[in-house]
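Accompanying notes for the structure given below.
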Amino acid sequence: METFWLLVATVIVIFVVLLCQKLIKVSQKFSKDLSAFKNVPGLPRHWLFGNVRELAVWSDFLCRMQREFIDEKGVKMYVFWLFNLPIVMVTHPDTAKDIMKSTEPKSLDLLGYGGLLPWLGQSLLISNGTKWERNRRLMTPAFHFDILKPYVEIFNQVADVLMDKMLKAARESEMRTILIHPHHYYDTIYRWSSDGQELYKLCDFVHDFSVKIITERRRKLEESPDVIKKRHLDLLDILLTAKDEEGQGLSDVEIRNEVDTFMFAGHDTTGSLLSWSVYALATYPEHQSKLYEDIHNVLGDRQSVHW
Ligand code: HEM
């Protein structure tokens, strides 16, 4: 009996020690963040909730910040707090420039991207440290000017397709709302929910699709390696043929993760950017005219871009 209680007491002590360690770590990070952000503009924060209560309606919050901080005070960035987590909003090109010019190593804190892991795996976006450095180095040749140049032709073609689609969408106009439940941030809960199960099913579908394409291209490259010299190189060619200093290439899963990441990172961002740009240009016709004039000055009578 005594042994039993000794065991229980040991488990409780270990639990309390681990909990205290975690709390100390969290509070150390919190006080570091508080001092780092003390001069960054933002709404006053509640000691526990941060600014969560002001965020209840996200669009209202953004409009309020736009009015009170950007329009009236002209701030170049502001911060808001999700409990003890600071989120920085970049609101001026000068701030964006400072971030882009920075040579700081990629953050080790990948918070917020965890939900993408089942789909994208540890690709460039979600990895850091030596794994990120190696894969980033192996992929850099894919963005050499000589590889990108032949794509200008394709950019012109797809720009035309996009314009046709926008014209159609402008006539039909459809809006969708997706609701995200906060408890779904916990993977153990999420994977048992119907949404989570659908996500894992869709991930399997997307992964199978990518693997089929990768396997097929690998087979073709092995059968006739010279084929690569006869056409434009694409990202998949680079991923399949890249080798590190030890002669090791990327595994099929690593390639699949990078391909899925490029598909996601490439369409979600540009889609959002284009939508907001079109919205902003429609809201401010005087800027629309300036942009039109600018494009006309560069292109003259030509219908497409050359490089
Ligand atoms: C307007 C368009 C785009 C915007 C605003 C944008 C924005 C960003 C941002 C902010 C990051 C950093 C994310 C982070 O580390 O937390 C990022 C990373 C990344 N983006 Fe984009 N992106 C755009 C277009 C694209 C396109 C077209 C592709 C690929 C076809 C792409 C591929 C990637 C990849 C692979 C990463 C991870 C890079 C790394 O950590 O090494 N992005 N992007």
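The values are calculated or read from the model by the stated rules, or taken from the named source; none is laboratory data. This one's a predicted model, so the numbers in the text were calculated from it and none came from an experiment. So basically every Cβ, Gly included, is an ideal-geometry build from the backbone, and we count neighbours across all protein chains shown.
Structure data summary
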quantity: When residues of the range 253-263 are limited to those that are modelled with pLDDT of 90 or more and out of contact with any Ser or Thr (no Cβ under 7 Å at 6 or more places or on another chain), the one surrounded by the fewest Cβ atoms within 10 Å (Cβ to Cβ); calculated: VAL253
quantity: Among (1) surrounded by 10 or more Cβ atoms within 10 Å (Cβ to Cβ); (2) farther than 14 Å from LEU138 by Cβ; (3) not acidic (Asp, Glu) - the single one LEU236 does not satisfy; calculated: (2)
quantity: Condition met for GLU222 (assigned to a helix (DSSP H, G or I) and modelled with pLDDT of 90 or more); calculated: no
quantity: Test result for VAL79, more than 27 Å from LEU199 (Cα to Cα), of a type in the set (A, V, I, L, M), outside any loop (DSSP other than H, G, I, E, B) and more than 15 Å from the ligand (Cβ to nearest atom); calculated: yes
quantity: Neighbours by Cβ (under 9 Å, 6+ apart or cross-chain): first from the range 293-307, surrounded by 10 or more Cβ atoms within 10 Å (Cβ to Cβ); second assigned to a loop (DSSP other than H, G, I, E, B); calculated: LEU299/VAL305; TRP307/LYS149
quantity: Candidates LYS101, LYS97, filtered to the one that is surrounded by fewer than 10 Cβ atoms within 10 Å (Cβ to Cβ) and modelled with pLDDT of 90 or more; calculated: LYS101
quantity: Qualifying positions in the range 225-257 - part of a helix (DSSP H, G or I), under 15 Å from VAL211 (Cβ atoms) and within 15 Å of the ligand (Cβ to nearest atom); calculated: LEU236, LEU239, GLU254, ILE255, ARG256, ASN257
quantity: Residue within the range 193-216 that is under 24 Å from PRO150 (Cβ atoms), away from the ligand (no atom under 16 Å from the Cβ), part of a helix (DSSP H, G or I) and basic (Lys, Arg) present; calculated: no
quantity: Options GLY115, GLY121; residue that is more than 28 Å from ASP237 (Cα to Cα) and within 16 Å of the ligand (Cβ to nearest atom); calculated: GLY115
quantity: Test: residue in the range 297-306 that is among the β-branched types (Val, Ile, Thr), more than 27 Å from the chain's Cα centre (by Cα) and not in a helix (DSSP H, G or I); calculated: yes
quantity: Hey, GLU153 more than 20 Å from GLY42 (Cα to Cα), acidic (Asp, Glu) and within 12 Å of the ligand (Cβ to nearest atom) or not; calculated: no
quantity: Any chance VAL227 is free of Cβ contacts under 8 Å to residues at least 24 places away in the same chain and within 30 Å of SER123 (Cβ to Cβ); calculated: yes
quantity: Residue in the range 166-183 that is part of a helix (DSSP H, G or I) and closer than 30 Å to LEU82 by Cβ present; calculated: yes
quantity: Considering residues of the range 258-291 that are farther than 26 Å from LEU124 by Cα and among the β-branched types (Val, Ile, Thr) only, the residue nearest to the ligand (Cβ to nearest atom); calculated: VAL278
quantity: Cβ pairs under 7 Å, 6+ apart, first in the range 114-125 and part of a helix (DSSP H, G or I), second within 10 Å of the ligand (Cβ to nearest atom) and among the polar types (S, T, N, Q); calculated: LEU120/THR261
quantity: Residues being over 15 Å from PHE262 (Cα atoms) and either aliphatic (A, V, I, L, M) or within 25 Å of the chain's Cα centre (by Cα) (or both) - total across the range 214-239; calculated: 4
quantity: From SER31, SER59, residue being of a type in the set (Ser, Thr, Tyr), loosely packed, with under 10 Cβ neighbours inside 10 Å and at pLDDT below 95; calculated: SER59
quantity: Pairs with Cβ under 9 Å, 6+ apart, first in the range 133-160 and at pLDDT 90 or above and polar (S, T, N, Q), second surrounded by fewer than 13 Cβ atoms within 10 Å (Cβ to Cβ) and not in a helix (DSSP H, G or I); calculated: ASN156/GLN303; ASN156/SER304; ASN156/HIS306; GLN157/SER304
quantity: Of residues in the range 42-53 being in contact (Cβ under 8 Å) with a residue 24 or more places away in the chain and over 25 Å from the mean Cα position of the chain (by Cα), the one surrounded by the fewest Cβ atoms within 10 Å (Cβ to Cβ); calculated: LEU48
